[in-house]
Amino acid sequence: MDIKKEIRKLLEEKDAVLLAHNYQIDDIQEIADFTGDSLGLSIEASKVKQKTIVFCGVHFMAETAYILSPNKKVLLPEIDAGCPMADMVTAEGVRELKNKYPGVPVVCYVNSSAEVKAECDICCTSANAINVVNSLKSDKVIFVPDKNLGHYVSRFVDKEVILWDGFCPIHHKVRKEQVLKLKKKYPDAVFIAHPECPPDVIDIADHVCSTSGVYKYVKESNKKRFIIGTEQGVGYRLRKENPDKEFIFAYENFVCKNMKKTNLRKVYDALIKERYVITVDEEIREKALKSIQRMLDIPRNY
């Protein structure tokens, strides 16, 4: 059986669209209808005519797709694909912080659960976080869950940013010393860091941006070699769009294991068995939707 052809056939039969996050395996990105970051994919899914969304990503991403498209069936092929950073913050934890800092608006990174989004004033992505925080008429903001992204944002805003102690384990593993070694080995290489990297890594970056920003920057650059400070899944599109350029990742096995749990067989099974269906309680969905909609009015930074 040619599983890729079978999946494409099933997608048509089941009136489904296949979404693949930038960190998914190459085989899945190759056959997806859309690839991108979690929010971008959810927005695309809300626009298409298909009634079923197959989201190759992690749990909070499928939730976000459902929040934006409650009239569609959202399938997550791997039910155990979670996000350690999203798990580091709870709705109860946000409520406690709001009690500690009454009246201070809460910004939540889109890498969070629906329950957390419902407790926050506005969402952000790594591509628009600075603009989102700047848009708030307050001299203080609470930022959850990623302290590294929040610290990065604090460099560009004239506000106090109160950080939650969360982080992405794979971006947090990037070490300044290792990057400096690579820069020494490849002196002509440009180091691009994701803002989820630690502050001392951001300090030595030539460019800092989201995954969508990485694709844009590399495509427009006349440089030929890049050290990439984000998950290896972006290599698929980078190599495809820039066959004449070389990409070195900031450390060996820069891999999100949760993202790599999804494979072609699981996508096939998800379509055949119409599993695993992701939904969000309607009261939570409506509150979370408000924080997402507020964000959608804010331009991206890249």
Segment 155-251: projected area of the alpha-carbon convex hull, averaged over directions, in nm²:
6.7 nm²
Plugging the Cβ-Cβ distance of VAL157 and SER221 into 1/(1 + (r/R0)^6) at R0 = 30 Å yields, to the nearest 0.05, a FRET efficiency of 0.65
Write down the percent of antiparallel bridges among all DSSP beta bridges whose residues are both part of the chain, to the nearest 5.
5 percent
How many Å² of accessible area per residue for segment 124-250, probe 1.4 Å?
43 Å²
Could you tell me what percent of the accessible area of the chain is made up of carbon and sulfur, with a 1.4 Å probe and every protein chain present?
47 percent
When the gyration tensor of the chain is built from Cα positions, what are the square roots of 5 times its three eigenvalues, in whole Å, from largest to smallest?
29, 27, 15
Considering segment 98-166, what Rg and Dmax in Å follow from its alpha-carbon atoms?
10.6, 29
Placing +1 at every Lys and Arg Cβ and -1 at every Asp and Glu Cβ, with all other atoms neutral, what dipole size does the chain have around its Cα centre, in debye to the nearest 20?
640 debye
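Given the pairs LYS72/LYS260; LYS137/LYS290; LYS100/LYS137; LYS216/LYS266; LYS185/LYS223; LYS51/LYS273, which are separated by over 21 angstrom at their Cα positions? Don't jump to the answer; show the numbers that get you there.
Values: LYS72/LYS260 25 Å; LYS137/LYS290 18 Å; LYS100/LYS137 19 Å; LYS216/LYS266 31 Å; LYS185/LYS223 16 Å; LYS51/LYS273 16 Å.
Pairs exceeding 21 Å: LYS72/LYS260; LYS216/LYS266.
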For a protection proxy built on the mean count of beta-carbon atoms within 10 angstrom, sort 171-177, 66-72, 239-245 highest first, please.
66-72, 171-177, 239-245
Could you tell me the ratio Rg/Rh of segment 115-208? Both radii from Cα atoms, Rh via Kirkwood.
1.03
Mind listing the long-range amide H neighbours of VAL208? Cut-off is under 5 Å, sequence gap 5 or more, other chains count too, H placed in the peptide plane at 1.01 Å from N.
ALA193
What do you get for Rg/Rh over segment 1-102 if you use C-alpha atoms and the Kirkwood form of Rh?
1.08
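For segment 201-302, what ratio Rg/Rh do Cα atoms give with a Kirkwood hydrodynamic radius?
That ratio is 1.07, to two decimals.
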Based solely on its DSSP helices, what 222 nm [θ] is calculated for the chain when runs of n ≥ 4 H residues each add -39,500 (n - 2.57) and the sum is averaged over all residues, nearest 500 deg cm²/dmol?
-12000 deg cm²/dmol
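The values are calculated or read from the model by the stated rules, or taken from the named source; none is laboratory data. On a predicted model such as this, the values are computed, not experimentally measured, just so you know. Neighbour counts run over all protein chains shown; Cβ positions are idealised from the backbone, glycine included. We work out accessible area using only protein heavy atoms, side chains counted, and drop any ligands, DNA or RNA first. Shrake-Rupley method; radii C 1.70, N 1.55, O 1.52, S 1.80 Å.
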